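Undergrad: There's a structure below that I have some questions on.
The values are calculated or read from the model by the stated rules, or taken from the named source; none is laboratory data. As the structure is a prediction and not an experimental result, all values here were calculated from the model. Heads up, the Cβs are rebuilt from the backbone with ideal geometry, glycines too, and the neighbour counts pull from every protein chain shown. Remember, those area values only see protein heavy atoms, side chains included, never the ligands or the DNA or RNA. Shrake-Rupley method; radii C 1.70, N 1.55, O 1.52, S 1.80 Å.
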Amino acid sequence: MTDFEKYIQRYLDLIPSENWLEELKLVGEKTVSLYSYLTEEQSKFAYTEGKWTLKEVLLHLSDTERVFQYRILAIARGEKSELPGFDEENYAANSFANDRSLESLLEEYQLVRKSSQILLETLNHSILNNVGKANGNEISVETICQLIVGHNIHHLNVVEERYLPEL
């Protein structure tokens, strides 16, 4: 197993069932529910110096999901060019998430998730095994779909384990 495969496997292992499309909906609902209970002040909390605030985590989920959507679309449509990677720390540093209202970030997350659901629900089953290259690694459409779910679960776990106990 390559380092890349080991890296993504930690996300894939978090998905509680084989039905990743249903899990996409469930983790989206759980994320919205959790964030809906936060106050504006709580959403600016970071559990330690140098870590993202809850707002930045939420926008990171939206940003990453958009990148994954593009990769899914490109590979599903037969793109042969290698797709670029992205630096999540740079994206977060330039997101200005903390300048936005929690309500607007939550609305954005919900719209991005709805967009993902539509894209993934309408993918022809025959293209799920299509493989492309992103960030220097070969990856299938289905694996990227699953990464949306596992990545979200990972960050929700971090929020529940490291942020919420401190609030």
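Undergrad: Of the heavy-atom accessible surface of the range 19-103 (probe 1.4 angstrom), what whole percent is carbon and sulfur? Mind dumping the intermediate values first?
TA: Details: 2240 of 4660 Å².
C and S atoms contribute 48 percent here.
Undergrad: How many Å² of accessible area per residue for the chain, probe 1.4 Å? List each step's numbers first, then the result.
TA: On the way: 9170 Å² over 167 residues.
On a per-residue basis, 55 Å².
Undergrad: While we're here: Mind checking the dipole of the chain: about its Cα centre, +1 per Lys or Arg Cβ, -1 per Asp or Glu Cβ, Debye to the nearest 20?
TA: Roughly 340 debye, rounded to the nearest 20.
Undergrad: How long is the gain from Asn90 to Arg77 if the chain were fully straight, where each residue apart is worth 0.36 nm and the alpha carbon distance is subtracted? Walk me through the numbers on the way to the answer.
TA: On the way: separation 13, 0.36 × 13 = 4.68 nm, distance 2.85 nm.
So the extension gain works out to 1.8 nm.
Undergrad: Moving on to the next point. Rounded to the nearest 0.05, what FRET efficiency do Glu138 and Lys51 have when you use their Cβ-Cβ distance and R0 = 35 Å?
TA: Values: r = 32 Å, r/R0 = 0.91.
E(calc), rounded to 0.05, equals 0.65.
Undergrad: Under the rule a/c < 1.5 gives rounded, and otherwise a/b versus b/c splits prolate from oblate, where does the range 75-119 land using the Cα gyration tensor? Don't skip to the answer; put the middle values down first.
TA: On the way: a/c = 5.38, a/b = 1.42, b/c = 3.80.
Oblate is the answer for the range 75-119, as a/c is 1.5 or above yet b/c matches or exceeds a/b.
Undergrad: Principal axis lengths of the range 67-167 from Cα atoms, whole Å, largest first?
TA: Principal axes ranked by extent give 45, 27, 24 Å for the Cα atoms.
Undergrad: What list of ³J(HN,Hα) couplings, whole Hz, do you get for the range 95-112 from phi and the Karplus terms 6.51, -1.76, 1.60, once you set θ to phi - 60° and write x for glycine and proline?
TA: Taking θ as phi minus 60°, the curve returns 8, 6, 4, 6, 8, 9, 6, 4, 4, 5, 5, 5, 4, 4, 4, 5, 5, 4 Hz for the range 95-112.
Undergrad: Provide the packing ranking of 51-63, 94-106, i.e. peptides ordered by the mean count of other C-beta atoms within 10 Å per residue, highest first. Before the final figure, lay out the partial values.
TA: Details: 51-63: 21.5, 94-106: 15.2.
The peptides rank, most packed first, as 51-63, 94-106.
Undergrad: Of Lys44/Lys80; Lys30/Lys80; Lys51/Lys114; Lys51/Lys80, which pairs sit farther than 32 Å apart, going by alpha carbon to alpha carbon? Each step should come with its number before you reach the end.
TA: Values: Lys44/Lys80 41 Å; Lys30/Lys80 36 Å; Lys51/Lys114 28 Å; Lys51/Lys80 36 Å.
Pairs exceeding the cut-off: Lys44/Lys80; Lys30/Lys80; Lys51/Lys80.
Undergrad: Can I ask one more? Which one of Thr31, Trp20, Phe96 has its Cα pushed farthest toward the positive end of the charge dipole of the range 17-150, where Lys and Arg give +1 and Asp and Glu give -1 at the Cβ?
TA: Trp20
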